[in-house]
1. Considering only residues of the range 40-57 that are of a type outside the set (Ser, Thr, Tyr) and farther than 20 Å from Pro14 by Cα, which is least open to solvent (accessible area, probe 1.4 Å)?
2. For the range 13-27, which positions are farther than 24 Å from Gly2 by Cα and modelled with pLDDT of 95 or more?
3. Starting from the range 1-26, take each residue that is of a type in the set (Gly, Ala, Ser) and list its partners that are in a loop (DSSP other than H, G, I, E, B) and open to solvent by less than 60 Å² (accessible area, probe 1.4 Å), counting only C-beta distances under 7 angstrom and pairs at least six apart or across chains.
4. Can you tell me which residues in the range 28-39 are open to solvent by 40 Å² or more (accessible area, probe 1.4 Å) and either over 22 Å from Pro64 (Cα atoms) or modelled with pLDDT of 95 or more (or both)?
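The values are calculated or read from the model by the stated rules, or taken from the named source; none is laboratory data. All figures in this text were calculated on a predicted structure; none of them were measured in a lab. Counting neighbours? That spans all protein chains shown, and the Cβs are built from the backbone with ideal geometry, glycine included. SASA here: full protein model, heavy atoms, side chains in, ligands and nucleic acids out. Shrake-Rupley method; radii C 1.70, N 1.55, O 1.52, S 1.80 Å.
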Amino acid sequence: MGTVKRFTITIEAPNWKDVQEVELPQLPGEGDAIETRYGTCIVTQAELSPDSGPYAGKIVCRLP
């Protein structure tokens with residue numbers, strides 16, 4: 001069984017932003033679709049964390 005990692009996701013829309021946590025098997029790439037509490041979003045930025053903190057990385061996405 002694979003390892004699940006925790007990421008923070010910043011969901012951006014024209015007039016607001018929201019942040020949530022998500023568990024995924026790996027960091028998605030730019031342009032990938034990801035499910036959030038607001039529905040499907042498109043990843044615009046994704047990066048791994050350089051340290052071994054509680055999150056494996058951060059993701060920024062926009063609503064389509």
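1. Gly57
2. Lys17, Asp18, Val19, listed by residue number.
3. So the pair list comes out as Ala13/Leu63.
4. The answer is Glu30, Gly31, Asp32, Ala33.
So that you can scan it fast, the table gives a plain yes or no per residue for (1) within 10 Å of the chain's Cα centre (by Cα); (2) not hydroxyl-bearing (Ser, Thr, Tyr):
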| position | (1), (2) |
| --- | --- |
| Asp18 | no, yes |
| Pro28 | yes, yes |
| Thr40 | no, no |
| Gln45 | yes, yes |
